[in-house]
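The values are calculated or read from the model by the stated rules, or taken from the named source; none is laboratory data. Please read these numbers as outputs of a predicted model, since none were measured by experiment. Here the Cβ positions follow ideal geometry from the backbone for every residue, glycine too, while neighbour counts run over all protein chains shown. Please note that ligands, DNA and RNA were not included when accessible areas were found on the heavy atoms of the full protein model with its side chains. Shrake-Rupley method; radii C 1.70, N 1.55, O 1.52, S 1.80 Å.
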Amino acid sequence: MGEIVNLRRAKKQKARAAKEKDASLNRVRFGTPKSEEKVTLARSEKERTDLEGKKLDPDKPLER
């Protein structure tokens, strides 16, 4: 025979697991401090502008 399961407990346990999963996602999404977000944004912007500056201009002939 199968194991007897209390449906009320199983339902509550499933709801707790879903809440914990949502909380985990929110910790990742909203858990970084604003100052750290600004630093990350500034670094990525600098990397992007540095890369743009190193691109070759297709209209300009290569100098050798």
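Please compute the net charge surrounding S44, taking Lys and Arg as +1 and Asp and Glu as -1 over other residues with Cβ under 15 Å from its Cβ. Neighbour charge sum, excluding S44 itself: -2.
Helix 34-53 and the longest principal axis of the C-alpha atoms of the chain enclose an angle of approximately 40°. Using a cut-off of 14 Å between beta-carbons, work out the net charge of the residues near F30 (Lys and Arg +1, Asp and Glu -1, F30 not included). With Lys, Arg at +1 and Asp, Glu at -1, the neighbours total 0.
In the chain, the portion of solvent-accessible area held by carbon and sulfur atoms comes to 55 percent [1.4 Å probe, whole percent, DNA, RNA and ligands not counted].
Each of N6, A23, L41 was placed along the dipole of the chain (beta-carbon charges, centred on the mean Cα), and the one lying farthest toward the positive end is N6. What's the local net charge at K55, with K and R +1, D and E -1, over the other residues with C-beta under 14 Å away? After counting each charged neighbour, the total is -2.
Seen against the Cα atoms of the chain and their longest principal axis, helix 7-30 is set at about 20 degrees.
A full extension of the chain between E37 and K60 corresponds to an added length of 4.5 nm, given 0.36 nm per residue minus the alpha carbon distance. Of the GluC sites (Glu not before Pro) found in the chain, those that fall in a DSSP loop while having at most 15 other beta-carbon atoms within 10 Å are E3, E63.
Per-residue ellipticity at 222 nm from helix content only, as computed over the chain with -39500 (n - 2.57) for each DSSP H run of at least four residues, stands at -24000 deg cm²/dmol. Cross-link partners for K11 among the aspartates and glutamates, with Cα-Cα distance under 18 Å and sequence neighbours closer than 8 places in the same chain left out: E3, E20, D22. In this Cβ point-charge picture (+1 for Lys and Arg, -1 for Asp and Glu), the chain has a dipole of about 780 debye about its Cα centre.
Counting every alpha-carbon pair across the chain, the share separated by more than 15 Å comes to 75%.
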